[in-house]
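Encoded as structure tokens, the structure appears first; notes follow it.
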Amino acid sequence: MTTFSYSLFAKGGPVLWLLAGLGLVALVLFIERALFLHRGQIRSTEFLNGIKNLLAKGRLMEALTLCEETPGPVAGVVKAGLRHAGDDEQALRFAVQEAALAELPVLERRIGSLAAVAQIAPLLGLLGTLLGMIRTFWLFNQGGNYATPAVLAGGMWEALLTAAAGLAVAIPVHLARHFLSGRVRSLVHDMEWVGNDLMRYLLRDYRGGPEREKNDHAPIGS
């Protein structure tokens with residue numbers, strides 16, 4: 001970092017350093033959440049088709065193993081449905097919905113912290129602005145008729161720098177929060193679609209498959 005940048009931080013006062021630390025925390029939170037949500041995003045259609053193919057061949061344990069090895073909330077919802085594949089419709093639906101609800105807080109974790117940073121940063125910037133103006137008027141009062149612009153500039157620097165820093169932190173953090181919220185909504189949509197499609201398959205095709213095959217091979221007139 002250059003000497004000019006250090007001098008700016010020095011002129012901004014303690015509030016500017018606090019805003020810099022807050023921005024760094026927000027950056028770490030965003031990177032962690034973005035990587036986590038990226039790992040959880042899978043091709044839901046292809047994954048569910050693979051599960052259906054395994055179930056059609058009677059390989060339920062392999063399907064459960066595939067869910068265990070696949071990251072993300074979609075695989076968790078499918079695994080919950082497969083574990084209750086033999087239950088009645090109400091129990092199956094409850095298991096799938098419960099699994100989806102359990103995944104939701106994991107997806108939304110720390111996004112609220114980013115929202116808090118985006119709300120607090122402008123307030124800290126305003127606080128720095130007020131402190132800078134108070135400093136300016138205090139120096140003006142102390143200097144009396146001999147107060148010079150160089151003496152008063154310190155408070156004005158603090159006021160302007162903290163106001164700008166508050167907005168510089170809040171704006172990208174707002175955008176980051178909206179981006180992550182969009183990723184969460186996409187994953188929730190995938191969970192809902194996969195859960196409904198899996199339940200339809202388990203109730204209509206998977207359970208009816210062995211019975212239809214038995215009827216197809218039964219002797220005529222039996």
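Values in this text are rule-based calculations from the coordinates and carry no lab data. Keep in mind that this is a model prediction, so the values were computed, not measured.
Details
- Contour excess over end-to-end distance, with Cα ends at residue 57 and residue 38 and 0.36 nm allotted per residue: 3.7 nm
- When only alpha carbons of region 37-91 are considered, Rg and Dmax amount to 11.3, 34 Å.
- Contour excess over end-to-end distance, with Cα ends at residue 46 and residue 65 and 0.36 nm allotted per residue: 5.2 nm
- Taking 0.36 nm per residue of separation and subtracting the Cα-Cα distance, full extension of the segment from residue 167 to residue 130 would add 11.8 nm.
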